[in-house]
Amino acid sequence: MSKANNLFRPTEYFKPTSVPEVVKLLAQYGEKGSPIAGGTDLLVMKEPQVEALIDITQLGLSYIKSDAQGIKIGATTTLADIEASPVLSKSPYSIIAQAAHQMGTPLVRNLGTIGGNICNALPSADTMPSLLVLDAIFHVAGPDTKRSICAADFCLGVRKNALETRELLTEIELPVLPPRTGTAFIKKGRVAAADLSLASVAVRLTMDKDNTCRDVRIALGAVAPTPLRAKGAEALLSGKEPKDELLKQVAARASEEIKPISDIRASAEYRRTLSRVIVELALREAIGNITTQNRNT
Amino acid sequence: MINITLDVNNERYQVEVAAYHTLRDVLRDKLGFTDVKNGCSEGECGSCAVLVDGKPVTSCLMLAAQAQGKKITTPRGIATDGKLHPLQEKFIEYGASQCGYCTPGMLISAKALLDRNPNPTEEEVRVAISGNICRCTGYQQIVEAIMATAAGMNK
């Protein structure tokens with residue numbers, strides 16, 4: 001079949017059982033090889049240059065583990081498994097499960113993986129805002145070495161990530177968070193399922209005994225070329241008590257730091273206003289979660 | 001081309017597939033399982049849904065080669081020994097099927113729901129079928145049929 005027809009017609013399918021095998025295949029095929037896990041983006045995008053499909057679901061990279069150092073999620077863990085995980089069911093990590101629950105549809109979540117969502121590097125990648133505020137670290141395997149990339153350094157542009165052609169994302173690590181840390185995630189779409197975010201936000205903050213906030217993280221999705229942190233807004237809240245008026249100012253500041261576009265789903269103006277609203281809602285929810293934690297201890 | 005063996009509705013089939021063939025393509029076009037519908041090919045409509053190791057998935061987004069070694073159930077496979085599953089009976093009784101195009105996928109999502117949650121709330125039913133688009137019914141009769149099935153099976 002001719003690639004000149006712009007048809008997706010890979011001719012090779014591999015099912016390696018080790019990460020070094022995958023890396024070797026990726027080096028061999030370069031741009032013409034693609035890892036495939038759930039296929040929920042690959043088989044929709046149908047890029048014509050792909051000749052070799054490298055199935056990465058048999059590498060033992062589907063797991064969610066918890067230990068003293070935090071949480072480790074294998075890159076091929078499905079969104080459905082993340083959504084249902086007891087390990088991720090409690091605050092502060094539950095924002096990842098909440099995000100997974102609102103992605104795609106129940107059918108797609110049984111196939112789609114967290115690694116796929118991250119590596120596709122869409123502006124609207126719904127797992128990314130939570131990963132950004134949780135200071136996630138991405139572990140990557142390559143031909144000679146392994147390396148780690150901070151979530152904040154991973155998405156470089158629309159569909160552009162920090163991996164080299166021969167590298168594979170293997171694990172997402174979430175460090176331990178201090179006590180009195182609250183998180184929240186809000187995604188707004190047009191319909192209840194199978195919709196890209198119009199805007200999404202994840203928030204994390206720690207409240208000290210004197211009621212001031214530190215380690216404030218506010219990350220937004222679908223409102224810039226990549227998911228991003230609103231660092232100006234974060235600085236406004238850092239070290240301060242989360243009073244009503246300040247939260248409104250923080251949300252307004254966050255809505256100035258984004259670069260939304262107008263497309264068939266929404267106008268830039270709508271996205272900007274929506275972002276301001278959901279940042280404030282998320283901050284209140286995260287603070288509320290800390291208060292609830294305290295009551296329960 | 002790759003030779004694979006597929007386990008579909010408890011029977012094994014040998015079939016030759018291309019690397020890019022999806023499970024839906026192979027089930028429908030090569031093995032004759034026309035109960036697996038061809039809708040959007042993008043995982044949005046749910047009409048191609050099948051169970052893979054008990055989990056409902058859009059078969060248009062799974063490579064046929066990836067389905068080797070897994071237990072596949074197509075919509076007709078929820079009936080046993082020629083007897084309709086209670087879900088199928090209730091769909092008929094409640095008028096949950098008009099043109100019928102979404103029905104196979106709806107049955108798969110409903111079967112998977114009741115297998116893991118025999119007593120769902122209406123909200124849980126609606127979430128479970130949120131990946132299946134229906135053009136005709138407005139979903140009400142489908143939801144009622146699934147709730148009635150659960151009630152009947154829990155007597």
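Each value in this text was obtained by applying a stated rule to the coordinates, not by laboratory testing. Keep in mind that what you see is a predicted model, and the values were worked out from it rather than measured. Cβ atoms come from the backbone with ideal geometry, glycine included; neighbour counts cover every protein chain shown.
Observations
- Residue by residue along B:40-46, Cβ atoms of other protein chains within 10 Å of the local Cβ number 6 on average.
- Helices in chain A, meaning DSSP H runs of at least 4 residues, each add -39500 (n - 2.57). Divided by all residues, the mean residue ellipticity at 222 nm is -9000 deg cm²/dmol.
- Net charge of neighbours whose Cβ lies under 13 Å from the Cβ of residue A:212, counting Lys and Arg as +1 and Asp and Glu as -1: +1
- Charge context of residue B:73, other residues only, Cβ under 12 angstrom, K/R +1, D/E -1: 0
- Rounded to 10°, Cα long-axis angle of helix B:103-116 versus longest principal axis of chain B: 80
- Angle between chain A longest axis and helix A:19-29 axis [Cα atoms, degrees, rounded to 10]: 60
- To the nearest ten degrees, helix A:268-296 and the longest principal axis of the Cα atoms of chain A are 70 degrees apart.
- Considering only A:117, A:161, A:211, the Gaussian network model of chain A with Cα springs below 10 Å gives its largest mean-square fluctuation to A:211.
- Chain B: most fluctuating residue of B:64, B:110, B:18 per GNM, C-alpha cutoff 10 Å: B:18
- Taking a straight Cα-Cα cut-off under 18 Å and skipping sequence neighbours fewer than 8 places away in the same chain, the lysines within cross-link reach of residue B:37 are B:55, B:111.
- Mean Cα-pair separation over length for chain A, i.e. relative contact order, pairs under 8 Å, 6 or more apart, %: 15
- Structure remark: mean-square fluctuation, Gaussian network model of chain B, C-alpha springs under 10 Å; the largest value among B:65, B:49, B:96 belongs to B:65.
- Only helical runs count toward this figure. For chain B, summing -39,500 (n - 2.57) over DSSP H runs of n ≥ 4 and dividing by all residues gives -8500 deg cm²/dmol at 222 nm.
- Once the Kirkwood radius over Cα pairs is known for the protein assembly as shown, the Stokes-Einstein relation at 10 °C and 1.306 mPa s delivers a diffusion coefficient of 68 µm²/s.
- Placing unit charges on the Cβ atoms of the charged side chains and taking the dipole of the stretch A:3-55 about its Cα centre, the candidate lying farthest along the positive direction among A:25, A:11, A:42 is A:11.
- Treating each Cα of the stretch A:55-105 as one equal point scatterer and applying the Debye formula with no solvent, the log10 of I(q)/I(0) at q = 0.21, 0.24 Å⁻¹ comes out as -0.74, -0.91.
- Here's the picture: charge each Lys and Arg Cβ at +1 and each Asp and Glu Cβ at -1 in the stretch A:181-296, and of A:252, A:289, A:228 the one pushed furthest to the positive end of that dipole is A:228.
- Reachable lysines, given that their alpha-carbon falls under 27 Å from the alpha-carbon of residue A:160 and they are not under 8 places away in the same chain: A:3, A:15, A:24, A:32, A:46, A:72, A:146, A:187, A:188, A:231, A:259
- Sequence-separation-based contact order of the stretch A:106-226, relative, with Cα cut under 8 Å and 6+ spacing, percent: 29
- Computed over the stretch A:181-296, the convex hull of the alpha-carbon atoms projects to a mean area of 7.3 nm².
- For chain B, convex hull of alpha carbons as volume per residue, Å³: 101
- Average partner coverage of B:53-61, which counts Cβ from other chains inside 10 Å: 6
- Length-normalised contact order of chain B in % [C-alpha pairs under 8 Å, at least 6 apart]: 23
- Projected-area mean, the stretch A:7-74, by convex hull of Cα positions, square nanometres: 5.3
- Net +/- balance of residues flanking residue A:143 in space, Cβ distance below 11 Å, scoring K and R +1, D and E -1: 0
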